[in-house]
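The values are calculated or read from the model by the stated rules, or taken from the named source; none is laboratory data. Quick caveat, the model's predicted, so the values are computed rather than measured. All Cβ positions, even for glycine, are placed from backbone atoms using ideal geometry, and neighbour counts span all protein chains on display.
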Amino acid sequence: MKKCFAFFLIICLLINICGCYPSTTILKEDYSGYISDSEKDLRITLRDGRTIISKSYEHLTVYEPSEFIIGKATITGLGEPELNVGTILLKSQIDSTNMNNGLNTDLVCYSGGKQYYFSSGHYFDIAKATKSGFWVRGTLEDSNGIFYGNPEPDEISDLNVIESKAVNTIFIITEIVLVGLLIALIVKLTTPPQFREINLMQ
């Protein structure tokens, strides 16, 4: 019975580890700074219950009238093409642009002898008329749908920074080692002591 319980506990622990994704909870007063940090991957929970996974260059804070393009682009022009590169281009740096105005609004910008290709839905075009505040694009965690919008601070109930894959790997390895030690301890506690017969007649 004890061994069955031990194996059940082990399975539960392993399931718990596999479902862990380390993250850091952010205080409400620090939301603006983290959303404006384009390098971060964020988990944003809204008060209506929706949770958005917004990866790097999918969120920003607009503080004042500005003009720039931000997103992930394929860059060509010098050397090998660079794919899916996080990019911020001030409009004053852009020589010319070309946009597909059909259903797929892909954007091509030329700047400094390079071509920046932003695929539809993977960039923000910030203009002077853009409303200030938070701008977020990402994947809805429960439905895999796309979220794109300008949530007010009061609409956000929770904000977490998702740790990098390297940190996740270290975390999981550490947990596996700890579980291994726990398994060894459980086995030791549930295994009856072994006694060896000694022949006293010799």
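Give me a count of the residues in the range 87-101 that are among the hydroxyl-bearing types (S, T, Y), part of a strand (DSSP E or B) and over 30 Å from the mean Cα position of the chain (by Cα). Break it down into steps so the answer makes sense when it comes.
Applying the first criterion (among the hydroxyl-bearing types (S, T, Y)) to the range 87-101 yields 87, 92, 96-97.
Filter again for part of a strand (DSSP E or B), leaving 87, 96-97.
Filter once more, keeping what is over 30 Å from the mean Cα position of the chain (by Cα): 96-97.
Within the range 87-101, residues that are among the hydroxyl-bearing types (S, T, Y), part of a strand (DSSP E or B) and over 30 Å from the mean Cα position of the chain (by Cα) number 2.
S38 meets the conditions (1) within 27 Å of N160 (Cβ to Cβ); (2) not assigned by TED's automatic domain parsing to the domain that holds I162 in every case but one. The failed one is (2). Residues that are among the small types (G, A, S) and more than 16 Å from the chain's Cα centre (by Cα) were ranked within the range 127-144; the one that is farthest from H59 (Cα to Cα) is S143. Of the residues making up the range 141-154, those that are under 26 Å from F68 (Cα atoms) and not hydroxyl-bearing (S, T, Y) are I146, F147, G149, N150, P151, E152, P153.
Any idea which residue in the range 105-140 is surrounded by the most Cβ atoms within 10 Å (Cβ to Cβ), counting only those that are under 23 Å from P65 (Cβ atoms) and aliphatic (A, V, I, L, M)? Working first, answer last.
Going residue by residue through the range 105-140, those that are under 23 Å from P65 (Cβ atoms) are 105, 107, 109, 111, 116, 118, 123-137.
In the following step, the residues that additionally are aliphatic (A, V, I, L, M) were identified as 107, 126-127, 129, 136.
Values: L107: 19, I126: 19, A127: 10, A129: 7, V136: 21.
My answer is V136.
Selection of the range 41-75 for residues being touching a residue at least 40 places away in the same chain (Cβ under 8 Å), of a type outside the set (V, I, T) and either surrounded by fewer than 13 Cβ atoms within 10 Å (Cβ to Cβ) or more than 22 Å from I162 (Cβ to Cβ) (or both) yields R47, D48, Y63, E64, P65, S66, E67, F68, A73. Of all residue pairs spaced 6 or more apart or on separate chains, those with beta-carbon atoms under 7 Å, a first member in the range 76-97 that is without any contact (Cβ under 8 Å) to a residue 40 or more places away in the chain and a second member that is assigned to a loop (DSSP other than H, G, I, E, B) and loosely packed, with under 12 Cβ neighbours inside 10 Å are G77/G113; L78/G113. Selection of the range 81-96 for residues being among the polar types (S, T, N, Q) and buried (at least 16 other Cβ atoms within 10 Å of the Cβ) yields only T87.
Considering only the range 63-82, state which residues are modelled with pLDDT under 95 and not acidic (D, E). Within the range 63-82, Y63, P65, S66, G77, L78, G79, P81 qualify. One residue stands out in the range 102-126 among those that are assigned to a loop (DSSP other than H, G, I, E, B) and within 27 Å of the chain's Cα centre (by Cα): the one that is modelled with the lowest pLDDT, namely N104.
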